[in-house]
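For reference, the structure discussed in these notes is given below.
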Amino acid sequence: MDIVTLVQQLVNGLSLGSLYALIAIGYTMVYGILRLINFAHGDLIMVSAYVAVMGVGLFSWPWPVAFGLAVVLTGLLGVMLERGAYRPLRRAPRISLLISAIAASFFLENLFLVLAGGRPKPFPTPPWFAGVLKWGGVFIPRLSLLIPVVTAVLLAALFLLIQRTQVGRAMRAVAHDLETVSLMGVNVDRIISLAFLLGSLLAGAGGLLWAMKYPQVNPFMGIMPGLKAFIAAVLGGIGNLAGAVVGGLLLGLLEIMIVAFFPAWAGYRDAVAFGLLIVILLVRPTGILGESLGEEKL
Amino acid sequence: MFLKESAIRNFWLNLGALALLALFLWGAEHFANEYQVRLLNNMAIFVTLAVSYNLVNGICGQLHLGPNAFITLGAYTAALLTLTPQQKELIFILQPLVWPLSQITLPFALALLCGGLVAALFGFITGFPVFRVRGDYLAIVTLGFGEVVRVLANNLQSLTNGPLGLKGLKPLTNLWWSWGVAAITIILIRALVNSSYGRAMMAIRDDEAAAQAIGVDTFRHLMLAYILSAFFFGVAGGLLAHLITTISPTLFTFFLTFNLLIIIVVGGLGSTTGAVLSAILFTLAGEWLRIVEEPHTLLGVTIPGIPGLRMVFFSFLLLLVIVFFRQGLLGRREFSWQSLGRFLRRFSAKVSTGHI
């Protein structure tokens with residue numbers, strides 16, 4: 001493999017990895033607080049993409065309006081999901097909470113199957129994101145460079161919010177010990193809603209970027225990115241925001257590099273992530289950056 | 001003496017129930033049409049699957065999301081063993097089937113057994129990583145194995161024929177096979193649940209640390225439930241393959257697992273009776289709800305069918321049940337002849353006093 005192809009593949013891996021990171025943040029924030037895998041998180045990607053398709057295609061809004069609305073609606077949907085499907089079960093056995101999450105995920109997928117039909121829709125990528133940059137002998141789609149940049153900006157904003165504000169401190173405290181913090185006058189419900197809102201907003205943005213990278217919008221498009229992002233979160237150390245970013249980037253690079261170096265294995269690409277998950281859970285269940293967890297957190 | 005007598009009575013009542021089932025199947029074989037027979041076969045396979053699934057999810061309390069992997073393994077193993085060498089040569093056009101399999105043809109019963117054993121072996125191997133973790137992680141790892149098996153079935157051309165799948169299987173699954181397997185599954189799993197093993201499994205479900213503290217070997221009990229359910233998933237997969245006669249990797253996605261999850265949650269997690277009832281209801285409801293997906297003409301106006309509406313309904317139902325009626329239909333209650341007797345006595349008392 002020559003250096004040009006290597007650079008191209010690195011950029012590809014980086015942009016895929018940033019998408020995983022963006023989505024993984026939502027999993028890791030919710031897991032950090034509620035110890036729940038929000039199975040429906042991946043479907044928020046799909047909802048965001050559909051809102052954008054409808055906004056641009058059906059109502060002919062300018063794309064910034066449609067995209068903004070898609071992200072906001074996805075954020076609100078995440079909050080509604082928590083209210084409707086998770087909050088009533090907070091004191092129920094864990095298995096019920098998980099089943100509720102899976103049911104919510106299937107409900108969203110099939111609802112959009114009924115509303116929008118099963119035929120994949122093309123995604124109206126704005127010209128601003130299209131095009132190819134030529135740099136030396138390297139051809140790089142502009143989108144592949146924009147995705148890591150957008151991701152970096154969003155994540156920087158999130159880190160500032162969580163590390164430097166009062167609300168962010170409350171959120172960190174709730175993730176550390178929900179019961180105690182609720183005794184100290186923090187409105188835990190509101191903090192949990194906020195965590196869902198932030199995670200879902202990022203998933204909304206991730207959904208738009210994903211749909212521009214793979215411009216086929218269908219009701220089941222969120223499942224694989226969702227599962228992969230979750231694996232990325234586990235790889236980095238679940239509950240740890242920096243870990244989600246590291247895990248996402250690693251998983252993205254790994255997937256792209258495996259296909260680049262061993263083209264014959266392309267069919268097994270989806271199995272790689274799951275194989276990796278099993279290996280991490282066997283060898284180091286806390287992930288790369290995870291604190292050492294007690295048994296009760298597994 | 002009393003216990004023994006009731007045990008003998010239960011044995012005869014069970015035998016009687018089985019005889020009634022046999023009579024019903026005989027009647028169905030002779031008088032039901034093709035569609036009804038197919039529905040009954042489907043029902044039996046779903047009963048087998050739901051009862052086995054309930055053993056791991058309901059009795060042991062571990063959210064296992066990979067039944068589709070075991071069903072795939074059972075279906076492919078059984079199918080490859082009943083096809084004749086000539087058929088296999090015709091099916092595997094891109095790459096020939098690997099050697100020993102390409103020459104073997106076994107009778108249906110042995111093929112089903114092999115399907116179950118291969119699935120159980122896969123259960124044994126995957127059980128070690130799966131039961132290193134609990135809760136959400138266990139769910140996602142088992143889901144991962146389901147995905148890995150699907151990817152393998154799509155890519156191992158010389159073993160599974162890839163995305164093309166296997167066609168032209170003999171329709172060997174009949175009412176006797178499907179309901180026979182269902183009855184054996186129910187009897188074996190009920191016996192297991194009522195034994196000390198079953199009580200240990202329920203102890204693990206209710207409080208794993210406490211169960212461990214009183215000396216329950218959690219790993220061994222969970223493995224036992226997981227491998228036994230894997231075996232029945234495999235056998236049911238073989239039955240399913242020889243009912244629909246064409247199999248491909250797209251048939252066994254997570255969607256199948258999701259249907260099983262709906263069945264056992266609606267029936268009541270932890271109740272074998274609930275799983276049986278719910279599997280039967282689910283199969284029937286799936287057929288009735290077909291109406292909403294097909295176009296209809298009402299008073300000269302054509303209402304278009306809406307494909308996918310059934311799943312919206314089922315997933316919303318699951319959401320409602322899990323959020324508001326967590327016990328489902330039966331909770332953890334089981335059918336027993338004693339409870340039926342009590343019910344009948346109370347009922348007849350009401351009738352005789354004129355309260356009904």
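Here B:Thr126 clears all of (1) of a type in the set (Ser, Thr, Tyr); (2) surrounded by fewer than 23 Cβ atoms within 10 Å (Cβ to Cβ); (3) part of a helix (DSSP H, G or I) except the condition numbered (2). What do you reckon, is A:Leu44 open to solvent by less than 10 Å² (accessible area, probe 1.4 Å) and at negative phi? So A:Leu44 fits the description; yes.
Say whether the condition of being in a helix (DSSP H, G or I), farther than 22 Å from B:Phe254 by Cα, in contact (Cβ under 8 Å) with a residue 24 or more places away in the chain and in contact with a strand residue (DSSP E or B) (Cβ under 9 Å, 6 or more places away or on another chain) is met by at least one residue in segment A:145-156. Scanning segment A:145-156, I find at least one residue that is in a helix (DSSP H, G or I), farther than 22 Å from B:Phe254 by Cα, in contact (Cβ under 8 Å) with a residue 24 or more places away in the chain and in contact with a strand residue (DSSP E or B) (Cβ under 9 Å, 6 or more places away or on another chain), so the answer is yes. Across segment B:313-356, the number of residues qualifying as away from chain A (no Cβ under 14 Å), closer than 30 Å to A:Arg90 by Cβ and assigned to a helix (DSSP H, G or I) comes to 0. I need a count of the residues in segment A:189-242 that are within 13 Å of another protein chain (Cβ to nearest Cβ) and in contact with a strand residue (DSSP E or B) (Cβ under 8 Å, 6 or more places away or on another chain). Qualifying residue count, segment A:189-242: 1. Condition check for B:Leu110 on (1) closer than 30 Å to A:Thr28 by Cα; (2) at pLDDT 95 or above; (3) open to solvent by 10 Å² or more (accessible area, probe 1.4 Å): one failure, at (1). Regarding B:Val56, is this residue of a type in the set (Val, Ile, Thr), within 14 Å of another protein chain (Cβ to nearest Cβ) and either under 14 Å from the mean Cα position of the chain (by Cα) or within 26 Å of B:Leu156 (Cβ to Cβ) (or both)? So B:Val56 passes the test. Which one of A:Ser48, A:Ser100, A:Ser105, A:Ser96 is under 21 Å from B:Val312 (Cα atoms) and touching an Asp or Glu at 6+ places or on another chain (Cβ under 8 Å)? A:Ser105 is the lone residue from the list that is under 21 Å from B:Val312 (Cα atoms) and touching an Asp or Glu at 6+ places or on another chain (Cβ under 8 Å). As a summary of the residue check, B:Leu152 satisfies the conditions (1) closer than 26 Å to B:Met43 by Cα; (2) open to solvent by 50 Å² or more (accessible area, probe 1.4 Å) except for the one numbered (1). So is A:Phe123 at negative phi, aromatic (Phe, Trp, Tyr), touching a strand residue (DSSP E or B) at 6+ places or on another chain (Cβ under 6 Å) and open to solvent by less than 40 Å² (accessible area, probe 1.4 Å) or not? The answer is yes for A:Phe123. The residues on offer are B:Gly198, B:Gly238, B:Gly268, and the sole one that is in contact with a Leu (Cβ under 6 Å, 6 or more places away or on another chain) and either aromatic (Phe, Trp, Tyr) or surrounded by fewer than 24 Cβ atoms within 10 Å (Cβ to Cβ) (or both) is B:Gly198. Residues that are surrounded by 12 or more Cβ atoms within 10 Å (Cβ to Cβ) and either in contact with a Ser or Thr (Cβ under 7 Å, 6 or more places away or on another chain) or modelled with pLDDT under 90 (or both) occur at least once in segment A:150-159. Among the conditions (1) within 9 Å of another protein chain (Cβ to nearest Cβ); (2) open to solvent by 30 Å² or more (accessible area, probe 1.4 Å); (3) not hydrophobic (A, V, I, L, M, F, W, C), B:Tyr137 misses just one, which is (2). Among all positions in segment B:136-144, there is no residue which is at pLDDT 90 or above, within 16 Å of B:Pro249 (Cα to Cα), part of a helix (DSSP H, G or I) and among the polar types (S, T, N, Q).
Of all residues in segment A:86-120, those satisfying the criterion of being in a helix (DSSP H, G or I), more than 19 Å from A:Gly222 (Cα to Cα) and at the interface with another protein chain (Cβ under 7 Å from one of its Cβ atoms) are A:Pro88, A:Leu89, A:Arg94, A:Ile95, A:Ser96. The helices (runs of 4 or more DSSP H) falling completely within segment B:161-269 that include 1 or more residues that are more than 24 Å from A:Ile102 (Cβ to Cβ) and within 14 Å of chain A (Cβ to nearest Cβ) map to B:208-213, B:218-244.
So which helices (runs of 4 or more DSSP H) are wholly in segment B:1-113 and hold at least 2 residues that are among the basic types (Lys, Arg)?
B:2-31
The values are calculated or read from the model by the stated rules, or taken from the named source; none is laboratory data. Just so it is clear, the model here is predicted, and its values are computed rather than measured. Note: ideal-geometry Cβ built from the backbone for every residue, glycine included; neighbour counts use all protein chains shown. What goes into the accessible areas is simple: the full protein's heavy atoms, side chains included, and nothing from ligands, DNA or RNA. Shrake-Rupley method; radii C 1.70, N 1.55, O 1.52, S 1.80 Å.
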